[in-house]
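Participant: Shown below is the structure under consideration.
The values are calculated or read from the model by the stated rules, or taken from the named source; none is laboratory data. None of these values were measured; they are calculated from a predicted model. Positions of Cβ are backbone-derived with ideal geometry, glycine not excepted, and every protein chain shown enters the neighbour counts.
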Amino acid sequence: MTLTIPDRQNIPENHQWDLSPLFQSDEKWELLFAEIEKEMPRYDSYRGRLAESISVFKEAIEFDLGLSRNLEKLFTYAHLKSDEDKSNQRYLGFHQRALNLYTRSSELSSFITPEIQSIPASIMDVFLRDPGLAEYRFYLEKILRYRPHTLSPEIEQIIAMSGEMSHAASEIFSQLDNADITFGSLTDETGKEVELSHGNFITFLQNRDRGIREKAFFQYYRSYDSHKNTIAAALHYSNKRDCFYSRVRRFENCRRASLFSDDISDEVYDNLIDTVRKNLSPLFRYLDFRKKALCLEELHIYDTYVPMIGTIPFSMSYEEAVDTSVAACAPLGPEYTGTLAKGLLSGWVDRYENRGKRSGAYSSGCYDSPPYILLNYRDDNINSLYTLIHEAGHSMHSWYSNRHQPYVYHDYTIFVAEVASTFNEFLLSHHLLFRYKDDAAMTAYILNREIDNIRGTLFRQCMFAEFEKLSHRHVEENRPLTLEELRRIYRGLLQTYFGGTMTIDDELTLECLRIPHFYSPFYVYKYATGISAAISLARNVLEKGDPARNAYLAFLRLGGSRFPLDELREAGVDMSVPEPVESAIRYFSDCVDRFISIYDGLQQH
């Protein structure tokens with residue numbers, strides 16, 4: 001009997017997220033949609049008048065923010081419903097309509113930014129000093145930073161009009177990757193036929209039977225090989241989109257355009273890559289040991305996920321995972337853990353995979369909704385436990401931010417978001433290692449998982465970041481970015497980051513075609529900087545207690561009210577220097593040494 005992925009209607013209601021705080025019904029969504037459409041023409045009443053008086057200026061800002069707030073509510077519901085089942089045409093339509101409405105709103109409001117930037121400094125200085133605008137000072141300062149990169153109102157309107165079609169490459173990839181592509185079925189170790197999917201691919205790669213994980217790897221990538229030219233074209237034109245917008249806005253390159261909004265210098269990005277490249281030896285030592293411990297003549301990528309401690313079966317229900325996550329977060333205090341427990345069990349989370357559901361996991365919401373979490377949870381995969389506490393970190397960040405910041409500053413940047421999520425993962429590892437401190441086998445198992453987690457979040461994401469840098473440079477320098485060139489770039493990086501410790505199968509060069517984050521330019525480096533900052537901050541909380549905890553919770557409350565590097569300095573870590581990345585790699589190295597020692601001891605017994 002083949003175990004198939006259930007349809008959406010067969011998922012129990014208590015395993016789904018509760019979207020009623022957003023809208024009680026689709027009809028309520030339609031009413032807000034109509035209301036926004038009716039309100040949007042009011043933008044014209046402010047055009048050309050922003051310098052007229054402080055009262056008109058403030059009224060225009062508050063109208064724009066209010067409309068944006070409602071648009072976010074509308075869009076959040078549409079994209080969550082669409083992600084429940086990407087083949088559901090009704091909610092795909094909702095999503096497309098919400099995007100279209102957002103684009104039309106952007107067109108009508110496109111005059112606001114250039115008009116603010118054109119206000120003479122003498123007038124703007126008076127505005128910024130006015131107590132009635134104090135709440136918006138940082139918001140306005142961020143807009144004024146863009147003066148050199150903002151064009152005439154007419155050109156800004158044209159750019160805004162292009163917003164919807166600029167998502168074409170990403171939408172095509174998403175539909176192909178989540179709705180159309182299939183991977184066939186595999187026979188598992190019990191003799192059952194199981195449908196291969198995004199959700200269980202890693203589970204297959206963790207199988208003790210090398211034949212099963214090898215077959216899963218090649219079968220999975222065979223599907224990408226069948227679509228490689230289409231996906232390569234989508235990625236190429238996504239990069240071209242990035243290049244177009246960076247040139248239109250007079251940035252030096254795509255990366256500078258992406259980093260500018262967070263006030264992140266190129267040195268932060270380059271320091272990350274340089275520091276990791278100079279400190280790859282602990283990774284090589286681990287991979288060499290893995291090859292030896294698994295008694296392999298050659299190590300392949302499908303050998304790098306299987307737990308090396310094979311005598312420890314893992315199984316944890318979703319409810320048990322919530323209990324474990326709450327216990328791990330105890331150092332953050334009762335408000336944090338009480339809110340977390342209630343949310344994870346009472347409607348925040350869409351727990352399990354169903355046919356057509358978006359792959360992977362995320363935390364998403366808006367100012368007027370709970371901080372929802374999409375999962376594809378599996379009881380038999382420890383990665384699901386880590387994914388739960390990771391996304392819970394995002395959601396708790398949103399919960400604190402939404403309660404302590406006005407709407408204008410509630411939306412924190414991805415740069416700090418990845419700190420909150422990986423901070424929680426560090427706490428989980430610390431909790432599990434303490435829980436099983438007298439069990440050498442379980443300790444080794446958890447250390448193995450911790451090592452592989454850091455390997456994936458720091459080293460792998462850094463490699464992805466370098467791939468983005470190199471692939472965008474091709475487009476910027478007007479060089480062709482063909483399928484073969486993408487694979488050549490990626491193979492070179494695989495060889496560098498694995499240092500000859502692993503045999504690079506040709507199929508692995510297709511990995512660059514299946515990473516959805518590449519359609520959000522220069523995003524993935526934030527995972528690597530995030531885990532580096534998180535390790536430093538979590539150690540502070542565990543070692544220093546209340547002062548460090550209070551500083552961390554204060555950081556969560558900041559939302560987007562400051563630039564991310566400034567927020568992290570307030571929390572206690574400086575990401576403008578290499579030290580946090582070096583410290584994270586030292587921690588990784590210590591885990592490798594400890595793991596090897598325990599593993600060798602277990603083998604002797």
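Every residue, every condition in (1) farther than 29 Å from Arg8 by Cα; (2) of a type in the set (A, V, I, L, M, F, W, C), yes or no:
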{"position": "Asp177", "(1), (2)": "no, no"}
{"position": "Ser185", "(1), (2)": "no, no"}
{"position": "Asp188", "(1), (2)": "no, no"}
{"position": "Val194", "(1), (2)": "no, yes"}
{"position": "Asn207", "(1), (2)": "no, no"}
{"position": "Gly211", "(1), (2)": "yes, no"}
{"position": "Glu214", "(1), (2)": "yes, no"}
{"position": "Thr230", "(1), (2)": "no, no"}
{"position": "Asn239", "(1), (2)": "yes, no"}
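This table checks each residue for (1) in a helix (DSSP H, G or I); (2) of a type in the set (S, T, N, Q); (3) touching a Leu at 6+ places or on another chain (Cβ under 8 Å).
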{"position": "Asp411", "(1), (2), (3)": "no, no, no"}
{"position": "Ser421", "(1), (2), (3)": "yes, yes, no"}
{"position": "Phe426", "(1), (2), (3)": "yes, no, no"}
{"position": "Asn453", "(1), (2), (3)": "yes, yes, no"}
{"position": "Arg460", "(1), (2), (3)": "yes, no, no"}
{"position": "Lys469", "(1), (2), (3)": "yes, no, no"}
{"position": "Arg473", "(1), (2), (3)": "yes, no, no"}
{"position": "Arg487", "(1), (2), (3)": "yes, no, yes"}
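Participant: Among Val577, Val524, which is in contact (Cβ under 8 Å) with a residue 12 or more places away in the chain and closer than 12 Å to Leu458 by Cβ?
Facilitator: That would be Val524, the only listed residue that is in contact (Cβ under 8 Å) with a residue 12 or more places away in the chain and closer than 12 Å to Leu458 by Cβ.
Participant: Quick check on my filter: what residues within region 196-217 are in a helix (DSSP H, G or I) and either under 21 Å from Asp350 (Cα atoms) or of a type in the set (Val, Ile, Thr) (or both)?
Facilitator: Hits for region 196-217 are His198, Gly199, Asn200, Phe201, Ile202, Thr203, Ile212.
Participant: For region 43-94, enumerate the residues that are touching a residue at least 60 places away in the same chain (Cβ under 8 Å), farther than 30 Å from Ile11 by Cα and either outside any helix (DSSP H, G or I) or touching a Lys or Arg at 6+ places or on another chain (Cβ under 7 Å) (or both).
Facilitator: Matches in region 43-94: Tyr46, Arg47, Gly48, Leu50, Ala51.
Participant: Of the residues in region 214-243, how many are over 29 Å from Met165 (Cα atoms) and surrounded by fewer than 21 Cβ atoms within 10 Å (Cβ to Cβ)?
Facilitator: Qualifying residue count for the region: 5.
Participant: Can you pull out every residue in region 304-318 that is touching a helix residue (DSSP H, G or I) at 6+ places or on another chain (Cβ under 7 Å) and of a type outside the set (S, T, N, Q)?
Facilitator: Selection gives Tyr305, Val306, Pro307, Met308, Ile309, Ile312, Phe314, Met316.
Participant: If you don't mind, another one. Residues that are assigned to a loop (DSSP other than H, G, I, E, B) and in contact with an Asp or Glu (Cβ under 8 Å, 6 or more places away or on another chain): does region 316-337 have at least one?
Facilitator: Yes, region 316-337 contains at least one residue that is assigned to a loop (DSSP other than H, G, I, E, B) and in contact with an Asp or Glu (Cβ under 8 Å, 6 or more places away or on another chain).
Participant: Specify which of the listed residues (Ser258, Ser315, Ser281) is at pLDDT 95 or above, among the hydroxyl-bearing types (Ser, Thr, Tyr) and surrounded by fewer than 18 Cβ atoms within 10 Å (Cβ to Cβ).
Facilitator: After ruling out the rest, the residue left standing is Ser281.
Participant: Go through (1) among the charged types (D, E, K, R); (2) within 23 Å of Ala441 (Cα to Cα); (3) buried (at least 17 other Cβ atoms within 10 Å of the Cβ) one by one and return the number of the condition Glu320 breaks.
Facilitator: (3)
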